[in-house]
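Chemist: I'd like to ask some things about the structure below.
The values are calculated or read from the model by the stated rules, or taken from the named source; none is laboratory data. These figures come from a predicted structure and were not determined experimentally. We place every Cβ from the backbone using ideal geometry, glycine too, and count neighbours over all the protein chains shown.
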Amino acid sequence: MTVRPALSLPAIHASHGGCWLRGGMADSTRGVGKGEAIVAAADTPLLMINAPLVASRLGYPDLSGLDLLELYAFIHPARFVVPTPKGLAHALGLDEPVADDKVPLLLQEAAEALLATCERTDWAEREGAWTALQSLVRMRWPWSTLLTPRIKKPEKAERWLFARLPEWEEAPERPQPAQVTLSDQAIATRLAELTGAGAETRPTQREYARETGRTFAPRGALRQPHVVLAQAGTGTGKTFGYLAPASLWAEQSGGTVWVSTFTKALQRQLRRESRRAFPAERNGKPPVVVRKGRENYLCLLNLEDALQGGFGGRAAILAQLVARWAAYSQDGDMIGGDLPGWLGTLFRKRGIAALTDQRGECVYAGCPHYRKCFIERASRASAQAELVIANHALVMVNAARGRDPAQRPTRIVFDEGHHVFEAADSTFSSALTGAETIELRRWVIGPEAKSRGRRRGLSARLADVTSYDEEGGRAVEQARHAAEALPSEGWLARIVEGTPLGPIEDLLSAARALTYARDESGGQDAGYALETEVAQLDGAFIEVAGRAQEALESLRKPLVRLGLRLEALIEDGPDWLDGPARARIEGARGAIGWRTDLLAGWIALLARLGGPGDPDFVDWLSVERSDGREWDVGLHRHYLDPMKPFAETVLAPAHGVMMTSATLRDGDDWDSAVQRSGAPHLDLAPRLFAADSPFDYANQAEVLIVTDVAKGDIPGLAAAYGRLIEASGGGALGLFTAIRRLRAVYGRIADRLARGGLPLFAQHVDPIDTGTLVDIFRDDPRASLLGTDALRDGVDVPGHSLRLVIMEQVPWPKPSILHRARRLANHGKGGGGQAYDDRIIRARLAQAFGRLIRSADDKGHFVVLSSAFPSRLLSAFPPGTPIRRVTLDAALQSVAASVSGAEAAAKRPEGIS
């Protein structure tokens, strides 16, 4: 590789294996203790990579210095890099460090390589750099003094970010899609085009694609969509299997297909793979658009406020780096898009959330950047797109609240379909909590004492409307007055102290007291959430709930009237109501509409408290806690079967819906999958299709159930994890059902593994977002990763980087009030009680096992550390997979032998078998 000079500044590297410090170029790298490393870092700025992680390794949270990731984000915004020494070396064309003591020199070489980029004529991200640097100089960003001599002032003044961003354009409404029927031959031809010439012939993939095509047939009757349930084992090729008929239908009909996922990782994968199925551009419009909730996108007005003094200290530097990224971003997606996931964590997560529209504070056309808004651009692009890649929650919200038919999905493929029930459960639930109610107060009233930022209440948002329309003005004022009954700043401290203010805080105080009084979980001192069912309430509680209900109704009524006044204005507007004003009022009307629906749900929840129970719902009270600290209190309502509202809002208006997954059904039993599809609520019988995985599990995988690690023995659990990871030489994914045990195991084994050259990372421990942790794990075959449910599915790490999955125990369902109610309800259908729990556990085991074998060349072990693993759960694993109950020592021998065999095969000369 190209040899570049190194920057003559001291550099530091810290891992669980130790600390290494290198002075200027004339010095050598030497190992130092944590104390000396901290003193050195405090004495002079040191080159480092990922300062929060280095600080965590040193146990010195106030560490700062010259972080190469910040420099990379400035020089190469919106460009991917794994935030490790190895990842940085690969991104810059430098030699990968072979050991920890070689990292400081690499950091010096990487710093010089990045700084030298600024002097090259082919620097792709030069525009805007000089202007941003001037602001960063004033903020005393550590890198600014080194960058200043490298970046020349441009001959012409650079355009400000907001002048460079393109404007979106209005488009005419699309006609209804043509009614077409896809032939099997056409689907097969399109599939062959996508997989490419010479690709392996997969008959099951062709069958799967053909079945998917049935989703797009013309609908025969109102409220009778085509519903297809398709289980496709890992390796079937389901992505191209459904993209082939989807792209064919979109092309022939002129319509839009929505593909919905549960995880952001699959969204990223779909964005890449959809490029083969859809042309780069058709009729001047992008054929593929990724849609997410508003809270995922950069808000340009929030960014402008941050750049103009709204952020201070380190957060102000973050705002400048985000502005650099915004100018080069594909779509402004800050959460899982092309903004580096590690950027926010470099600044201890300060600022990222504040730069998105987390609180529904958008002023729509009243915003000076409305025509350049990333959210509005994505929304309009999706109305013209052939393929919209979204998530389950957004699809359901659009179906439930979408007033614009162009935004309402009618042909939907739910990938990761085993999560549709879970997403529906969240979407159609109601939570009357302190956090939710104070947010509603802020939206109505706007800034109050001690509040910060640019937030504006209804009066400010609709000032022109209220000055023109007297009745609308009265509604705004009445809503503002009624919102004062909602919790205000400091509400949680007041209810803990027994001094609530107002009817809603009175209700939350009573709910908290009753939850503590009735809790029988034994967890009052453990720091976990507490809950109790809504039943047998006394008269005093009912009276408090009644007053809260009246307060909420007093707010809902003026909001309903205001919504009607805005609707009337749009239909018969005054002369001053131009296009932008009309769009702003339309946006306000939509925001008011969903908040009145929110209030209606809360009111219905409270109205039920004093009467007979509603068999469709499960209600309970809760106190939410984390690490022993309370953070929310409230009342909750969930549908006993959330697929009932799903069927009405998503299925009934649709023409074709497919749900697909590698773990859709339970073994060979379709009953649960059919019930959890919602189809029975419309008296539909869905088409069923199943394709087994083509992988040779008998030779590629082995399940080991370790019988001699005692439950509750944390030292023994940690020792088992450590020894298994050592036996496999890393490449292990450890899955936990409790964060407390994850942290305990990590703390006991991380240093020992690192000293053996086996890096260990962990969710809820390392200051790194989950997506970046997976990127690091995927990039280093000797690294291992510990995590919880978020890593059980949605993690795609093919190849040698993942060769061992370890589960600490059987993933039993949490015995919550909601789980108990559903367990009992299914018992009446013949599938409740233990059978209901077993289906959930088998699904979780299948999802976790699915992380292990992702390609035909993968091999590995799936280890469960449970002496009491019931035999009835073994059907969770693919047929033919070897399953053995063994001691830990025997498991270690199997894992080590497999690794030795793989290494020997890799060294074997070609042609020798």
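Chemist: Could you list, ordered by first residue, the pairs with Cβ atoms under 6 Å in which the first is in the range 716-740 and surrounded by 20 or more Cβ atoms within 10 Å (Cβ to Cβ) and the second is polar (S, T, N, Q), at least 6 apart or interchain?
Modeler: From the range 716-740, the pairs are I725/S784; G730/S784; G731/S801; A732/S784; F736/T788.
Chemist: Also, quick follow-up: In the range 475-493, what residues are surrounded by fewer than 19 Cβ atoms within 10 Å (Cβ to Cβ), not in a loop (DSSP other than H, G, I, E, B) and not small (G, A, S)?
Modeler: Taking the range 475-493 and keeping what is surrounded by fewer than 19 Cβ atoms within 10 Å (Cβ to Cβ), we get 477-478, 480-481, 484, 489-490, 493.
In the following step, the residues that additionally are not in a loop (DSSP other than H, G, I, E, B) were identified as 477-478, 480-481, 493.
Those that are surrounded by fewer than 19 Cβ atoms within 10 Å (Cβ to Cβ), not in a loop (DSSP other than H, G, I, E, B) and not small (G, A, S): E477, Q478, R480, H481.
Chemist: Please tell me if L704 is in contact (Cβ under 8 Å) with a residue 60 or more places away in the chain, out of contact with any Asp or Glu (no Cβ under 9 Å at 6 or more places or on another chain), part of a helix (DSSP H, G or I) and assigned by TED's automatic domain parsing to the domain that holds H861.
Modeler: Working: in contact (Cβ under 8 Å) with a residue 60 or more places away in the chain: yes; out of contact with any Asp or Glu (no Cβ under 9 Å at 6 or more places or on another chain): yes; part of a helix (DSSP H, G or I): no; assigned by TED's automatic domain parsing to the domain that holds H861: yes.
No, not satisfied.
Chemist: Consider R872 carefully, then state whether it is surrounded by fewer than 18 Cβ atoms within 10 Å (Cβ to Cβ) and not small (G, A, S). First the steps, then the outcome.
Modeler: Working: surrounded by fewer than 18 Cβ atoms within 10 Å (Cβ to Cβ): yes; not small (G, A, S): yes.
So R872 passes the test.
Chemist: Please note which strands (runs of 3 or more DSSP E) are completely contained in the range 730-842 and include at least 1 residues that are under 21 Å from H13 (Cα atoms) and hydroxyl-bearing (S, T, Y).
Modeler: Numbers: elements: 732-735, 760-762, 784-787, 804-807.
Fully inside the range 730-842 and qualifying: 784-787.
Chemist: Please enumerate the residues belonging to the range 679-696 that are part of a helix (DSSP H, G or I) and either buried (at least 21 other Cβ atoms within 10 Å of the Cβ) or in contact with a Cys (Cβ under 8 Å, 6 or more places away or on another chain) (or both). Outline the logic, then answer.
Modeler: Initial filter on the range 679-696 (part of a helix (DSSP H, G or I)): 679-682.
A679 - this is the single residue of the range 679-696 that is part of a helix (DSSP H, G or I) and either buried (at least 21 other Cβ atoms within 10 Å of the Cβ) or in contact with a Cys (Cβ under 8 Å, 6 or more places away or on another chain) (or both).
Chemist: Same structure again: Looking at E543, E553, can you tell me which residue is of a type in the set (D, E, K, R) and without any contact (Cβ under 8 Å) to a residue 40 or more places away in the chain?
Modeler: On the way: E553 fails: without any contact (Cβ under 8 Å) to a residue 40 or more places away in the chain.
Of E543, E553, the one residue that is of a type in the set (D, E, K, R) and without any contact (Cβ under 8 Å) to a residue 40 or more places away in the chain is E543.
Chemist: With a cut-off of at least 2 residues that are at pLDDT 95 or above and either over 28 Å from the mean Cα position of the chain (by Cα) or crowded, with 22+ Cβ neighbours inside 10 Å (or both), name the helices (runs of 4 or more DSSP H) lying wholly within the range 47-114.
Modeler: On the way: elements: 51-58, 68-75, 85-92.
Answer list for the range 47-114: 68-75, 85-92.
Chemist: Which is crowded, with 19+ Cβ neighbours inside 10 Å, under 17 Å from M658 (Cα atoms) and among the aliphatic types (A, V, I, L, M), of A277, A230?
Modeler: Values: A277 fails: under 17 Å from M658 (Cα atoms).
Result: A230 is the single residue among A277, A230 that is crowded, with 19+ Cβ neighbours inside 10 Å, under 17 Å from M658 (Cα atoms) and among the aliphatic types (A, V, I, L, M).
Chemist: Hey, another quick one. Of the residues V544, V560, which single one is assigned to a helix (DSSP H, G or I) and within 30 Å of G628 (Cβ to Cβ)?
Modeler: Numbers: V560 fails: within 30 Å of G628 (Cβ to Cβ).
Within the list V544, V560, the selection yields V544.
Chemist: Of all residues being part of a loop (DSSP other than H, G, I, E, B) and in contact (Cβ under 8 Å) with a residue 60 or more places away in the chain in the range 563-593, which is surrounded by the fewest Cβ atoms within 10 Å (Cβ to Cβ)? Just the residue, please.
Modeler: Applying the filter and picking the extreme gives W576.
Chemist: Among the residues in the range 319-333, are any of a type outside the set (S, T, N, Q) and at pLDDT below 90? Even if it seems obvious, please write down each step before you answer.
Modeler: Step one: list which residues in the range 319-333 are of a type outside the set (S, T, N, Q), which gives 319, 321-328, 331-333.
Adding the requirement that they be at pLDDT below 90 leaves none.
Within the range 319-333, none of the residues are of a type outside the set (S, T, N, Q) and at pLDDT below 90.
Chemist: For the range 119-137, does any single residue satisfy the condition of being outside any helix (DSSP H, G or I), closer than 26 Å to V322 by Cα, of a type in the set (D, E, K, R) and in contact with a Phe, Trp or Tyr (Cβ under 8 Å, 6 or more places away or on another chain)? So that I can check it myself, show each step before the final result.
Modeler: Initial filter on the range 119-137 (outside any helix (DSSP H, G or I)): 119-128.
Then keep just the ones that are closer than 26 Å to V322 by Cα; that gives 119-128.
Those left that are additionally of a type in the set (D, E, K, R): 119-120, 122, 125-127.
This time we only want the ones that are in contact with a Phe, Trp or Tyr (Cβ under 8 Å, 6 or more places away or on another chain), so: 125.
Yes - at least one qualifying residue is present in the range 119-137.
Chemist: Spot the failing condition for L339; the list is (1) outside any loop (DSSP other than H, G, I, E, B); (2) within 22 Å of E125 (Cα to Cα), and only one is missed.
Modeler: Condition not satisfied by L339: (1).
Chemist: Sticking with this structure for a sec: Of everything in the range 216-255, what is of a type in the set (V, I, T) and part of a helix (DSSP H, G or I)? Give them in sequence order. Quick ask: steps written out before the conclusion?
Modeler: Step one: list which residues in the range 216-255 are of a type in the set (V, I, T), which gives 227-228, 234, 236, 239.
Of everything in the range 216-255, just one residue is of a type in the set (V, I, T) and part of a helix (DSSP H, G or I), namely T239.
Chemist: Pull out all pairs, ordered by first then second residue, where Cβ-Cβ is under 7 Å, the residues are six or more apart or on different chains, the first lies in the range 451-465 and is closer than 16 Å to S488 by Cβ and surrounded by fewer than 16 Cβ atoms within 10 Å (Cβ to Cβ), and the second is modelled with pLDDT of 80 or more and not hydroxyl-bearing (S, T, Y).
Modeler: R455/R442; R455/G446
Chemist: Only one residue in A400, A383, A378, A431 is under 28 Å from R625 (Cα atoms) and either in contact with a strand residue (DSSP E or B) (Cβ under 7 Å, 6 or more places away or on another chain) or touching a residue at least 60 places away in the same chain (Cβ under 8 Å) (or both), so which one is that? Please lay out each step first, then the result.
Modeler: Working: A400 fails: under 28 Å from R625 (Cα atoms); A383 fails: under 28 Å from R625 (Cα atoms); A378 fails: under 28 Å from R625 (Cα atoms).
Testing whether each residue is under 28 Å from R625 (Cα atoms) and either in contact with a strand residue (DSSP E or B) (Cβ under 7 Å, 6 or more places away or on another chain) or touching a residue at least 60 places away in the same chain (Cβ under 8 Å) (or both) leaves just A431.
Chemist: Related question: Given G522, G472, G453, which one is outside any loop (DSSP other than H, G, I, E, B) and either modelled with pLDDT under 95 or closer than 25 Å to L566 by Cα (or both)?
Modeler: Details: G522 fails: outside any loop (DSSP other than H, G, I, E, B); G453 fails: outside any loop (DSSP other than H, G, I, E, B).
Residue meeting the stated conditions: G472.
Chemist: Being touching a Phe, Trp or Tyr at 6+ places or on another chain (Cβ under 9 Å), outside the structural domain of E484 (by TED's automatic domain parsing) and modelled with pLDDT under 95: is that true of V420 here?
Modeler: Working: touching a Phe, Trp or Tyr at 6+ places or on another chain (Cβ under 9 Å): yes; outside the structural domain of E484 (by TED's automatic domain parsing): yes; modelled with pLDDT under 95: no.
No.
Chemist: Filter the range 311-330 down to residues that are more than 23 Å from the chain's Cα centre (by Cα) and buried (at least 19 other Cβ atoms within 10 Å of the Cβ) and give me whichever is nearest to I75 (Cα to Cα).
Modeler: Out of the qualifying residues, it is R324.
Chemist: Would you point out which residue out of R512, R494, R518 is in contact (Cβ under 8 Å) with a residue 24 or more places away in the chain, in the same structural domain as I585 (by TED's automatic domain parsing) and charged (D, E, K, R)? Before the answer, list the steps.
Modeler: Numbers: R494 fails: in contact (Cβ under 8 Å) with a residue 24 or more places away in the chain; R518 fails: in contact (Cβ under 8 Å) with a residue 24 or more places away in the chain.
Every option except R512 fails the conditions.
Chemist: How about the range 659-678: which of its residues are surrounded by fewer than 22 Cβ atoms within 10 Å (Cβ to Cβ) and on the phi > 0 side of the Ramachandran plot?
Modeler: G667
Chemist: Give L609, L599 a once-over and let me know the one that is crowded, with 17+ Cβ neighbours inside 10 Å and part of a helix (DSSP H, G or I). Show your work before the answer.
Modeler: Working: L609 fails: part of a helix (DSSP H, G or I).
Selected residue: L599, the only one of L609, L599 that is crowded, with 17+ Cβ neighbours inside 10 Å and part of a helix (DSSP H, G or I).
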